[in-house]
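*Asks:* Dropping the structure in here first, questions after.
The values are calculated or read from the model by the stated rules, or taken from the named source; none is laboratory data. Keep in mind it's a predicted model, so treat the numbers as computed, not measured. Cβ placement follows ideal geometry from the backbone for every residue including glycine, while neighbour counts extend to all protein chains displayed. Just the protein is used for accessible areas: all its heavy atoms, side chains included, with ligands, DNA and RNA removed. Shrake-Rupley method; radii C 1.70, N 1.55, O 1.52, S 1.80 Å.
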Amino acid sequence: MKDSILKYTSPYVSPDRYVILGGHRDSWVFGGIDPQSGAAVVHEIVRSFGKLKQNGWRPRRTIIFASWDAEEFGLLGSTEWAEDNVKVLQERAVAYINADSSVEGNYTLRVDCTPLMYSLVYNLTKEIPSPDEGFEGRSLYESWLEKNPWKDVPWINKLGSGNDFEVFFQRLGIASGRARYTKNWKVDKFSSYPVYHSVYETYEIVEQYYDPTFKNHRAVAQVRGGLVFELANSLVLPFDCRDYAEALKSYARIIYNMTQKYPTEVTTYSVSLDPLLSAVKNFSEAASDFHRRLQQLDTRKLLGVRSWNDQLMFLERAFIDPLGLPGTPFYRHIIFAPNRHNKYAGVSFPGIYDALFDISNQADQRKAWEEVKRQISIAAYIVQAAAGTLREPS
């Protein structure tokens with residue numbers, strides 16, 4: 001196993017802050033979709049950044065392009081590289097953008113990312129032309145919104161696992177995201193895509209059926225490359241902690257609704273979500289205050305800007321519990337983790353979620369509900385601590 005790492009070092013402003021674009025190159029058979037449709041996009045993004053460099057452009061932060069080996073055998077390449085460089089990554093990594101398969105369908109865009117990137121993704125896709133039929137002259141955001149809406153914005157998935165972002169996001173707390181073109185999940189109920197990891201997953205099937213003109217590949221390249229560009233080049237990191245606050249409110253409501261299915265047990269075992277709800281409220285207030293102060297930031301003072309950016313960079317780290325989740329110590333993110341019953345899907349407040357899952361069938365009810373209370377306490381403590389990272393330094 002050998003990893004190929006191309007490090008693009010910038011001498012401009014913050015060379016010790018890293019934005020990473022990574023995808024794997026190994027496959028089970030021919031890998032026409034997984035991973036080569038993603039690897040091709042990485043190569044195209046590297047070529048594009050190379051042209052910018054030839055024209056004299058330099059990013060504000062270092063960009064690392066990574067090609068991982070042994071993803072299919074347990075995410076080994078990315079995990080071992082991150083473990084070898086854990087201290088540096090914890091101190092310096094701003095974000096990780098994953099670049100596996102670029103297509104798993106040809107219906108609309110799919111994005112999975114941390115809430116910190118929601119606004120960035122929405123703003124970026126408004127600047128990219130849609131490749132979809134019937135949306136000529138309109139933006140990718142518009143076609144995505146029409147085909148997969150959630151309230152008044154396009155739907156963004158939680159990050160689960162099963163891919164190379166796992167070690168960066170779930171273990172180290174580095175803000176992460178990924179994008180690809182997907183199928184219509186309301187119609188196509190099957191998991192993944194029909195030729196997944198099979199001998200039929202070839203370049204020819206991509207060229208003839210999935211993306212004959214490669215226009216969807218281009219859109220995905222523009223999204224992934226645009227994310228890297230904005231994260232590496234923006235004066236102030238394009239993270240919005242208010243989106244995280246709204247997400248936490250939504251996730252806390254989900255947990256509250258789960259507990260309401262057991263009114264007798266909640267009363268009997270004195271289970272209360274008040275500490276978590278209070279912590280989420282405090283985080284929301286801290287996020288709003290942080291954004292208010294951001295509007296007054298004097299961007300001419302580069303040390304002040306760097307301090308501000310570091311607060312944003314380290315926010316995701318604040319949700320990491322060094323002890324990890326029960327039974328899965330590798331997963332340390334208190335807000336997001338893979339579903340125990342589907343590793344590819346993500347769940348929110350996983351410690352509480354898993355403690356409540358199938359709790360009525362637990363033999364020792366008192367012990368089971370004590371674990372729920374313990375997980376509520378851990379989540380409340382972590383969220384409250386995260387709120388503290390957003391406060392104005394004294």
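*Asks:* For Ala232, are the conditions met, namely being open to solvent by less than 70 Å² (accessible area, probe 1.4 Å) and either under 17 Å from the mean Cα position of the chain (by Cα) or farther than 30 Å from Arg293 by Cα (or both)? Lay out the reasoning, then the answer.
*Replies:* Working: open to solvent by less than 70 Å² (accessible area, probe 1.4 Å): yes; either under 17 Å from the mean Cα position of the chain (by Cα) or farther than 30 Å from Arg293 by Cα (or both): yes.
In short, yes.
*Asks:* Considering only residues that are farther than 20 Å from Cys241 by Cα and either of a type in the set (Ser, Thr, Tyr) or touching a Lys or Arg at 6+ places or on another chain (Cβ under 7 Å) (or both), which ones fall in the stretch 107-159?
*Replies:* Tyr107, Thr108, Arg110, Ser130, Pro131, Ser139, Tyr141, Ser143 - these are the residues of the stretch 107-159 that are farther than 20 Å from Cys241 by Cα and either of a type in the set (Ser, Thr, Tyr) or touching a Lys or Arg at 6+ places or on another chain (Cβ under 7 Å) (or both).
*Asks:* Turning to a different aspect of this structure: May I ask you to list the residues in the stretch 272-288 that are over 17 Å from Glu246 (Cα atoms) and surrounded by fewer than 16 Cβ atoms within 10 Å (Cβ to Cβ)?
*Replies:* Ser272, Asp274
*Asks:* Go through (1) outside any helix (DSSP H, G or I); (2) in contact with a helix residue (DSSP H, G or I) (Cβ under 8 Å, 6 or more places away or on another chain); (3) open to solvent by 30 Å² or more (accessible area, probe 1.4 Å) and name the single condition Phe239 misses.
*Replies:* (3)
*Asks:* Looking at Trp155, is it surrounded by fewer than 22 Cβ atoms within 10 Å (Cβ to Cβ), of a type in the set (A, V, I, L, M, F, W, C) and either at pLDDT 95 or above or under 26 Å from Ala385 (Cα atoms) (or both)?
*Replies:* Details: surrounded by fewer than 22 Cβ atoms within 10 Å (Cβ to Cβ): yes; of a type in the set (A, V, I, L, M, F, W, C): yes; either at pLDDT 95 or above or under 26 Å from Ala385 (Cα atoms) (or both): yes.
When the stated conditions are applied, Trp155 passes them.
*Asks:* State all residues of the stretch 179-194 that are open to solvent by 20 Å² or more (accessible area, probe 1.4 Å) and either part of a strand (DSSP E or B) or at pLDDT below 95 (or both); if no residue qualifies, say none. Steps first, please.
*Replies:* The first filter runs over the stretch 179-194 and keeps only residues open to solvent by 20 Å² or more (accessible area, probe 1.4 Å), leaving 180, 184-192, 194.
Arg180, Trp185, Lys186, Val187, Asp188, Lys189, Phe190, Ser191, Ser192, Pro194 - these are the residues of the stretch 179-194 that are open to solvent by 20 Å² or more (accessible area, probe 1.4 Å) and either part of a strand (DSSP E or B) or at pLDDT below 95 (or both).
*Asks:* When you look at Glu83, is it farther than 18 Å from Trp155 by Cα, open to solvent by 30 Å² or more (accessible area, probe 1.4 Å) and either without any contact (Cβ under 8 Å) to a residue 12 or more places away in the chain or in a loop (DSSP other than H, G, I, E, B) (or both), yes or no?
*Replies:* In short, no.
*Asks:* What number of residues within the stretch 294-322 are farther than 22 Å from Gly173 by Cβ and in contact with a helix residue (DSSP H, G or I) (Cβ under 9 Å, 6 or more places away or on another chain)?
*Replies:* 3
*Asks:* Looking at the stretch 259-278, which of its residues are part of a helix (DSSP H, G or I), over 25 Å from the mean Cα position of the chain (by Cα) and not small (Gly, Ala, Ser)?
*Replies:* Thr259, Pro263, Thr264, Glu265, Val266, Thr267, Thr268, Asp274, Pro275
*Asks:* Another one. Return the pairs, sorted by first residue and then second, in which the second residue is hydrophobic (A, V, I, L, M, F, W, C) and modelled with pLDDT under 95, the first residue lies in the stretch 100-125 and is under 18 Å from Thr213 (Cβ atoms), the beta carbons are less than 9 Å apart, and the residues are 6+ apart or on different chains.
*Replies:* Gly105/Trp185; Tyr107/Trp185; Tyr107/Val187
*Asks:* Here's something else I'd like to know. Which residues, counting only those in the stretch 337-354, are in contact with a helix residue (DSSP H, G or I) (Cβ under 7 Å, 6 or more places away or on another chain) and under 22 Å from Glu83 (Cβ atoms)?
*Replies:* Ala337
*Asks:* Quick check: anything in the stretch 107-114 surrounded by fewer than 22 Cβ atoms within 10 Å (Cβ to Cβ), over 23 Å from Asp164 (Cα atoms) and out of contact with any Ser or Thr (no Cβ under 7 Å at 6 or more places or on another chain)?
*Replies:* Scanning the stretch 107-114, I find no residue that is surrounded by fewer than 22 Cβ atoms within 10 Å (Cβ to Cβ), over 23 Å from Asp164 (Cα atoms) and out of contact with any Ser or Thr (no Cβ under 7 Å at 6 or more places or on another chain), so the answer is no.
*Asks:* In the stretch 189-228, how many residues are farther than 16 Å from Tyr107 by Cβ, touching a residue at least 12 places away in the same chain (Cβ under 8 Å) and not charged (D, E, K, R)?
*Replies:* 14
*Asks:* While we're looking at this one, here's another question. When the residues of the stretch 160-174 are narrowed to those that are touching a Lys or Arg at 6+ places or on another chain (Cβ under 6 Å) and more than 11 Å from Thr79 (Cα to Cα), which ends up surrounded by the fewest Cβ atoms within 10 Å (Cβ to Cβ)?
*Replies:* So, considering only residues that are touching a Lys or Arg at 6+ places or on another chain (Cβ under 6 Å) and more than 11 Å from Thr79 (Cα to Cα), the one surrounded by the fewest Cβ atoms within 10 Å (Cβ to Cβ) is Gly162.
*Asks:* Same structure, new question: Take the residues in the stretch 126-145 that are assigned to a loop (DSSP other than H, G, I, E, B) and touching a residue at least 24 places away in the same chain (Cβ under 8 Å), then tell me which one is surrounded by the fewest Cβ atoms within 10 Å (Cβ to Cβ).
*Replies:* Selected residue: Glu127.
*Asks:* May I pose another question? Could we say that Thr259 is out of contact with any helix residue (DSSP H, G or I) (no Cβ under 8 Å at 6 or more places or on another chain) and over 30 Å from Phe290 (Cα atoms) here?
*Replies:* No, not satisfied.
*Asks:* While we're looking at this one, here's another question. Name the single residue, out of those in the stretch 1-25 being outside any strand (DSSP E or B) and surrounded by fewer than 17 Cβ atoms within 10 Å (Cβ to Cβ), that is modelled with the lowest pLDDT.
*Replies:* The initial filter retains those residues of the stretch 1-25 that are outside any strand (DSSP E or B), namely 1-3, 9-13, 25.
From what's left, surrounded by fewer than 17 Cβ atoms within 10 Å (Cβ to Cβ): 1-2, 9, 11-13.
On the way: Met1: 49, Lys2: 56, Thr9: 66, Pro11: 62, Tyr12: 74, Val13: 83.
Among those residues, the one meeting the criterion is Met1.
*Asks:* Condition check: under 25 Å from the mean Cα position of the chain (by Cα), within 23 Å of Ile45 (Cα to Cα) and open to solvent by 70 Å² or more (accessible area, probe 1.4 Å). Does Arg224 satisfy that?
*Replies:* Considered against the rule, which asks whether it is under 25 Å from the mean Cα position of the chain (by Cα), within 23 Å of Ile45 (Cα to Cα) and open to solvent by 70 Å² or more (accessible area, probe 1.4 Å), Arg224 comes out as no.
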